[in-house]
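The values are calculated or read from the model by the stated rules, or taken from the named source; none is laboratory data. What you are looking at is a predicted structure, and each value in this text was computed from that prediction instead of being measured. Cβ: placed from backbone, ideal geometry, glycine included. Neighbour counts: every protein chain shown.
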Amino acid sequence: MSVEQSTREGAAALGISLPEGAAARMAQHVALIEKWNRVHNLTAVREPAQMAVLHVLDSLSLVPHIGEVRSVLDVGTGAGFPGIPVALARPDLPVTLLDSSHKKATFLEQAKAELRLANVTVLCERVEQFRPTVGFDVLVSRAFADLSDFVALAGHLLAPGGRILAMKGVYPYEEIGRIPEAFRVSEVVELKVPSLDAKRHLVRIEAA
């Protein structure tokens, strides 16, 4: 099965109605990663079919939980996950991709151009040093760091009333116990990623 087809079928299984051409552009993103991976180590996953599940569908599993917000910041986005699939699934939503690696930021700028991502902004900066004039409604991360570290490093980037959506594997009991008192976990949702036989959870964190 092609990356485009598995993406389309996986999105449908997640209850997501993708815009016209979005699955093809997600497949194009995977092909671009595969090309760059020959020189730059963007991701340890090398096979396009594996990337479709482990990166694209895993990222799309976040989409139903974002809601009607005005801005999303993907912290430590790497090769663009979950930010680029989110941006393609939600072209109405401004998505900022933040990574401290110049190599990855260069790749992300190339991906933005080739995939025609009008709603994406790429920033190369350390999260703890990033000081935007306006905060973000939603911060997302995908295995960026321990939850307590993530909150400590990125919590200042939240807009009033905003929330953090952290993607994790097994239920992170110990990490939740270490979250700073200024924040609280409002919900932990088990994610069902099509074709992925592994535990995935989404931790929703808000200011206490």
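What about A23, is it at pLDDT 95 or above and either surrounded by fewer than 21 Cβ atoms within 10 Å (Cβ to Cβ) or within 13 Å of the chain's Cα centre (by Cα) (or both)?
Answer is no for this residue.
Is it the case that some residue within region 45-58 is touching a Gly at 6+ places or on another chain (Cβ under 9 Å), surrounded by fewer than 19 Cβ atoms within 10 Å (Cβ to Cβ) and either on the phi > 0 side of the Ramachandran plot or modelled with pLDDT of 95 or more (or both)?
No: region 45-58 contains no residue that is touching a Gly at 6+ places or on another chain (Cβ under 9 Å), surrounded by fewer than 19 Cβ atoms within 10 Å (Cβ to Cβ) and either on the phi > 0 side of the Ramachandran plot or modelled with pLDDT of 95 or more (or both).
Is it the case that region 99-119 has a residue that's part of a strand (DSSP E or B) and surrounded by fewer than 21 Cβ atoms within 10 Å (Cβ to Cβ)?
For region 99-119, residues part of a strand (DSSP E or B) and surrounded by fewer than 21 Cβ atoms within 10 Å (Cβ to Cβ): absent.
Would you call E174 out of contact with any helix residue (DSSP H, G or I) (no Cβ under 9 Å at 6 or more places or on another chain) and under 30 Å from S6 (Cα atoms)?
So E174 does not fit the description; no.
Being loosely packed, with under 15 Cβ neighbours inside 10 Å and of a type in the set (K, R) is the filter; apply it to region 149-208 and report the residue that is nearest to R126 (Cα to Cα).
Filtering first and then ranking leaves R178.
Mind checking which pairs have a first residue in region 8-19 that is in contact (Cβ under 8 Å) with a residue 60 or more places away in the chain and a second that is in a loop (DSSP other than H, G, I, E, B) and surrounded by fewer than 19 Cβ atoms within 10 Å (Cβ to Cβ), Cβ under 6 Å, 6 or more apart or different chains?
From region 8-19, the pairs are G10/P194; A13/P194; P19/P91.
So how many residues does region 62-81 have that are in a loop (DSSP other than H, G, I, E, B) and over 21 Å from L115 (Cβ atoms)?
4
Which numbered condition trips up R38, out of (1) of a type outside the set (A, V, I, L, M); (2) free of Cβ contacts under 8 Å to residues at least 60 places away in the same chain; (3) buried (at least 24 other Cβ atoms within 10 Å of the Cβ)?
Checking R38 against (1) of a type outside the set (A, V, I, L, M); (2) free of Cβ contacts under 8 Å to residues at least 60 places away in the same chain; (3) buried (at least 24 other Cβ atoms within 10 Å of the Cβ), the one that fails is (3).
The rows are residues; the columns are (1) among the hydrophobic types (A, V, I, L, M, F, W, C); (2) assigned to a loop (DSSP other than H, G, I, E, B); (3) at pLDDT 95 or above; (4) over 14 Å from the mean Cα position of the chain (by Cα).
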position: D149; (1), (2), (3), (4): no, no, no, yes
position: M167; (1), (2), (3), (4): yes, no, yes, no
position: S186; (1), (2), (3), (4): no, no, yes, yes
position: D197; (1), (2), (3), (4): no, yes, no, yes
